[in-house]
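Trainee: The following block contains the structure, expressed as structure tokens.
The values are calculated or read from the model by the stated rules, or taken from the named source; none is laboratory data. All values derive from a computational prediction rather than experimental measurement. Heads up, the Cβs are rebuilt from the backbone with ideal geometry, glycines too, and the neighbour counts pull from every protein chain shown.
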Amino acid sequence: MIVGPELRRWAGDKQAQRRSRDASDAFAEAWNEGAVSRALRSAMADLPDRSAPSVARSIQSLFADSGWIGDVIDALAAAALVDPYFVPPFRKLTGEVNSGLLVYEDDLVSLACATVDISGLAAKRSAGGRKASIHFSGQVELFKFLDAGRARLRFWSIPPIGPSFSAATAGSCEPGEARDIADGEILQIDGRCESFVIEQAHSSLLLLQASIKPDRAPVSVEYDHETRSYLGCSAADDSASRIQMITSLLRTLGTAEAVPAMVPFLDHHCFFVRWHVMRELLGLDIQASLPHLKRMAAHDPHPETRRAARNVLDRLQAPPPARAAA
């Protein structure tokens, strides 16, 4: 984007702003109706089943011929040359050392084109006072290194993250092989037990990344790079975080009539979502929540959730303390 008198003129010109928006909308329409998007939708619709291995095999085929991403980049560059205020119609993704554009997403896979900035990698290594960590995404991912930047990767492994994951059973992070990555190489990583770290690179990397949604673990986890010990976990998908946020808001607002709508989330596949919703239900209406708390204490599949529910239930059912004699 050009900053200066040109930006002031554009900001004051409604028609110019409309032309920029129209160009972005036209690009989005062409992409959504184009050959690559149609091929992705068709491939996902024709899967023999909706499992991670089936999705991965389909994406592998797409990655084998990735010339289309060069066409996308060329088209974006051409649009920006015509209008410097053109905004790509893709969601922007940013991280500590990487940035990119989400070019496709459905309920089975998300596909991004991303860069890993070599200067960001160097700054992260040299930053003092902050522990480096190794991230395990909790889902199967595919990477195609369009430009590998002469990078060398170190691979790491952990005990598989399952539905009953807990800090007590997280184990430690173990190093594996280190090897160079070639331009054009396709790498499949099971983020439920595998990860990698870029140990060195001679230039920035350009890659395609597919994040496969079926069969993913309830959480992504972090391990300390030096001690290899478990650091913490977070929700592996946005929907779990949204459920937690919305139910907390309903409890804060005192919306007791929302209890019937919240109860189904007690069967959510993520154990921490089930317990979060249970706590919010108790905050809204203890009596209405008691039957669900008893069920959770007896039958929840996760041991920590059962234990937490039992502890709360015991406290609620404990007899009141005897009054001291006057």
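Trainee: Only one of Arg295, Arg251 is part of a helix (DSSP H, G or I), within 29 Å of the chain's Cα centre (by Cα), not assigned by TED's automatic domain parsing to the domain that holds Ser211 and not small (Gly, Ala, Ser); which?
Mentor: Criteria check complete, one pass: Arg251.
Trainee: With the checklist (1) surrounded by 11 or more Cβ atoms within 10 Å (Cβ to Cβ); (2) free of Cβ contacts under 8 Å to residues at least 60 places away in the same chain; (3) not in a strand (DSSP E or B) in hand, flag the one item Ile59 doesn't pass.
Mentor: The single condition Ile59 does not satisfy is (2).
Trainee: Okay, next question. Hey, can you tell me all the residues within the range 128-159 that are surrounded by 13 or more Cβ atoms within 10 Å (Cβ to Cβ), assigned to a loop (DSSP other than H, G, I, E, B) and free of Cβ contacts under 8 Å to residues at least 40 places away in the same chain? First the steps, then the outcome.
Mentor: Start the filter on the range 128-159 by keeping residues that are surrounded by 13 or more Cβ atoms within 10 Å (Cβ to Cβ), which leaves 133-159.
Going one step further and asking which of them are assigned to a loop (DSSP other than H, G, I, E, B), we end up with 137-139, 148-151, 158-159.
The answer is Pro159, and nothing else.
Trainee: I'm checking my understanding of the structure. Among residues of the range 161-198 that are outside any loop (DSSP other than H, G, I, E, B), of a type in the set (Val, Ile, Thr) and within 20 Å of the chain's Cα centre (by Cα), which one is nearest to Arg228 (Cα to Cα)? Quick ask: steps written out before the conclusion?
Mentor: We begin by selecting, within the range 161-198, every residue outside any loop (DSSP other than H, G, I, E, B); these are 167-169, 172, 174-180, 186-190, 194-198.
Applying the additional criterion that residues be of a type in the set (Val, Ile, Thr) yields 169, 186, 189, 197-198.
Still in the running and within 20 Å of the chain's Cα centre (by Cα): 189, 197-198.
Numbers: Ile189: 19, Val197: 13, Ile198: 17 Å.
Here the answer is Val197.
Trainee: So which of Leu253, Leu281, Leu293, Leu313 ends up being over 20 Å from Ser166 (Cα atoms), free of Cβ contacts under 8 Å to residues at least 12 places away in the same chain and of a type in the set (A, V, I, L, M, F, W, C)?
Mentor: On the way: Leu281 fails: free of Cβ contacts under 8 Å to residues at least 12 places away in the same chain; Leu293 fails: free of Cβ contacts under 8 Å to residues at least 12 places away in the same chain; Leu313 fails: free of Cβ contacts under 8 Å to residues at least 12 places away in the same chain.
Of Leu253, Leu281, Leu293, Leu313, the one residue that is over 20 Å from Ser166 (Cα atoms), free of Cβ contacts under 8 Å to residues at least 12 places away in the same chain and of a type in the set (A, V, I, L, M, F, W, C) is Leu253.
Trainee: Which of (1) surrounded by 17 or more Cβ atoms within 10 Å (Cβ to Cβ); (2) at pLDDT below 90 does Ser234 not meet, given it meets every other one?
Mentor: Ser234 satisfies every listed condition except (1).
Trainee: Would you call Ser241 in a helix (DSSP H, G or I), of a type in the set (Gly, Ala, Ser), under 21 Å from the mean Cα position of the chain (by Cα) and modelled with pLDDT under 95?
Mentor: Working: in a helix (DSSP H, G or I): yes; of a type in the set (Gly, Ala, Ser): yes; under 21 Å from the mean Cα position of the chain (by Cα): yes; modelled with pLDDT under 95: yes.
Considered against the rule, which asks whether it is in a helix (DSSP H, G or I), of a type in the set (Gly, Ala, Ser), under 21 Å from the mean Cα position of the chain (by Cα) and modelled with pLDDT under 95, Ser241 comes out as yes.
Trainee: Moving on to the next point. Can you tell me how many residues in the range 77-112 are outside any loop (DSSP other than H, G, I, E, B), touching a Lys or Arg at 6+ places or on another chain (Cβ under 7 Å) and in contact (Cβ under 8 Å) with a residue 40 or more places away in the chain?
Mentor: 1
Trainee: Run Thr227 past the list (1) in contact with a His (Cβ under 8 Å, 6 or more places away or on another chain); (2) assigned by TED's automatic domain parsing to the domain that holds Leu108; (3) not aliphatic (A, V, I, L, M) and report the number of the one that doesn't hold.
Mentor: The single condition Thr227 does not satisfy is (1).
Trainee: Mind checking whether some residue in the range 275-288 is part of a helix (DSSP H, G or I), exposed (fewer than 13 other Cβ atoms within 10 Å of the Cβ) and not small (Gly, Ala, Ser)?
Mentor: Looking only at the range 275-288, we keep the residues that are part of a helix (DSSP H, G or I), and these are 275-284, 286-288.
Still in the list and also exposed (fewer than 13 other Cβ atoms within 10 Å of the Cβ): 286-287.
Within this subset, residues satisfying the condition of being not small (Gly, Ala, Ser) are 286-287.
The answer is yes, given that some residue of the range 275-288 is part of a helix (DSSP H, G or I), exposed (fewer than 13 other Cβ atoms within 10 Å of the Cβ) and not small (Gly, Ala, Ser).
Trainee: Answer with yes or no whether Asp65 is loosely packed, with under 12 Cβ neighbours inside 10 Å and modelled with pLDDT of 90 or more. Reasoning before the result, please.
Mentor: Numbers: loosely packed, with under 12 Cβ neighbours inside 10 Å: yes; modelled with pLDDT of 90 or more: no.
When the stated conditions are applied, Asp65 does not pass them.
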